[in-house]
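Asks: Have a look at the structure that comes next, please.
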Amino acid sequence: MAMSRRAFLHAAGVGAAAVACTHGAGPGHLALPPAAPVAGPDWSRLRSRLSGSLVLPGDAGYDAARLSFNRLFDGRRPAGVVRCVRPEDVQLAVEVAATARLPIAARSGGHSFAGYSTPDQGLVVDLAKMAGVDVRPDGTAVVGAGTRLIDLYTALAAAGRCLPAGTCPTVGIAGLTLGGGLGVLSRKLGLTCDRLLSATVVTADATLRTASTAAEPDLFWALRGGGGGNLGIVTSFEFSTELAPDLAVFSLGFPGGSVTSVLGGWQEWIQAAPDELWSNCTVSAGRPPTCRVGGCFMGSVLALQPLLGELPRFSGTRPVRRFLQGMSCADAMRYFAHCSRRSVSQCHLESDPGGLLARESFVASSRVMAGPIADPGRVASLLDRPAGVDALFDGLGGAVNRVAVDATAFPHRTAMATVQVYAAADEAHRQHAAQVVAEVTTGLGELVGTGAYVNYIDPGLPDWARAYYGPNLGRLCEVAHRYDPDGVFSFPQGLTRA
Ligand SMILES: Cc1cc2nc3c(=O)[nH]c(=O)nc-3n(C[C@H](O)[C@H](O)[C@H](O)COP(=O)(O)OP(=O)(O)OC[C@H]3O[C@@H](n4cnc5c(N)ncnc54)[C@H](O)[C@@H]3O)c2cc1C
């Protein structure tokens, strides 16, 4: 008689199946038990046991509950959305999905570029109600997995603390941390995942575990960069935070036709800059393409000015627009939240926060820049096309590079920058935008290398597993197969399919 999936999961147990990374079901791939007929999910039983709620198709609120950040995925119709309020709800959801062989995905901020937190006909484990930030007297903070960055920054600021994290206000701490977590403080304070002390996780066998350097160290290693959706569902994170510094933010606009000199100068300049300075260079498509340089400095405007004065020395081009302002860490995070929505135009502080939390509609991908581009003119040529696509070069280096490549699962420890390729697109222009983004990403790959950032996950990226995880792929696959031998958390670019 075929073993049930649930019995199989228990029998296999964590640690029972250490397998090598394979592409496809080759030797070393854990064989699944023969497919046994399985009953559909027992929704009534699940509903009766939840402290949170279950929203099914036809229920009031289903059409709102199924939506994620990117409107391009509004057509997805999950089989159900479990609104969890405590870890036990997550355990129940995992148990039901595993038993019924139902695709399952956690959703925290819902910003997956590929919509992987909203599986069509799968179960969404919505953690939005498991949000909250508790800053302890020793400066460590316990953060609920459903917390969004804007709420995290606000709570930390009230305690005079900060955490290096991303710029978009509605990104979830969970997806961000699990893929690494890049932000404007990264060069000084590291990635978000570098500040992680421990995480509580529901693994594929529906067990709630704590992962840290002392407990489940392999799982803890993999959670720091192994990508959201793999390994289990995190219910809360414990971070070390820093005293919140005052910051000086800036934005410099350059004349049309200067992309080659500005990008060329920027990449030399950012490499020579102190860790306190973070910057990005946004190249926007056009005929000719245009660019701007933005960023922030952990210090005063006065101390930043001479550093900004160095940029024209590298680029030979002076900015035609300049915005420079000192502000508190919390205000700076709000400023960058606006910038993240206005990548094409020059970023200014705006008094009206309307639209800050609005959803978007876009196609995007990424490359990781191993070193400076020898001929930045080729980037200008690549973006010499109709407006509508941006390449955002975000400086890395500093503290990120001082962590060994194999110390956490995040592999891009020697990189100098990431490049995000982004095109706003509605449903009617989705295919065209995807083609443009793929062309620019491929062209950039020829210049910077084929690494990519898993948090800018791209369902169309060739050789995605190697691109996201580089030399850490083998160990990651081994850990993923050990904790999820039956692929309960499987998704198209999940580690159990790598
Ligand atoms: C507008 C915008 C701005 C961004 N800015 C930045 C930035 O500044 N820096 C940066 O590094 N990244 C940035 N990102 C990328 C972002 O980090 C990723 O999209 C991230 O995966 C989003 O996490 P989420 O929780 O919001 O998304 P979700 O869609 O909820 O989750 C993303 C993935 O993680 C899984 N997941 C979610 N919650 C959990 C959990 N609790 N346990 C396990 N798996 C989980 C999901 O199933 C999915 O596969 C940005 C994205 C957008 C759309």
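Asks: Got a sec? Which of ASP463, ASP458 is charged (D, E, K, R) and within 14 Å of the ligand (Cβ to nearest atom)?
Replies: Result: ASP458 is the single residue among ASP463, ASP458 that is charged (D, E, K, R) and within 14 Å of the ligand (Cβ to nearest atom).
Asks: Moving on to the next point. Condition first: open to solvent by less than 30 Å² (accessible area, probe 1.4 Å), more than 16 Å from the ligand (Cβ to nearest atom) and in a loop (DSSP other than H, G, I, E, B). Now tell me which residues in the range 223-253 satisfy that.
Replies: Once the filter is applied, which keeps residues that are open to solvent by less than 30 Å² (accessible area, probe 1.4 Å), more than 16 Å from the ligand (Cβ to nearest atom) and in a loop (DSSP other than H, G, I, E, B), the range 223-253 yields THR241, PRO245.
Asks: Give me the residue from the range 457-498 that is of a type in the set (Val, Ile, Thr) and assigned to a loop (DSSP other than H, G, I, E, B) and, out of that set, farthest from the chain's Cα centre (by Cα).
Replies: VAL488
Asks: State all residues of the range 457-485 that are open to solvent by less than 40 Å² (accessible area, probe 1.4 Å) and farther than 26 Å from VAL202 by Cβ; if no residue qualifies, say none.
Replies: Across the range 457-485, the qualifying residues are ASP458, LEU461, ALA467, GLY470.
Asks: How do the helices (runs of 4 or more DSSP H) wholly within the range 106-195 filter down when requiring 2 or more residues that are farther than 22 Å from VAL403 by Cβ and in contact with a helix residue (DSSP H, G or I) (Cβ under 7 Å, 6 or more places away or on another chain): which remain?
Replies: 149-158
Asks: Limited to the range 61-74, what total is found for residues that are assigned to a loop (DSSP other than H, G, I, E, B) and in contact (Cβ under 8 Å) with a residue 24 or more places away in the chain?
Replies: The number of residues fulfilling the criteria is 4.
The values are calculated or read from the model by the stated rules, or taken from the named source; none is laboratory data. Since this is a predicted model, take the numbers as computed values, not measurements. Here Cβ is always computed from backbone atoms with ideal geometry, including for glycine, and neighbour counts include all displayed protein chains. What goes into the accessible areas is simple: the full protein's heavy atoms, side chains included, and nothing from ligands, DNA or RNA. Shrake-Rupley method; radii C 1.70, N 1.55, O 1.52, S 1.80 Å.
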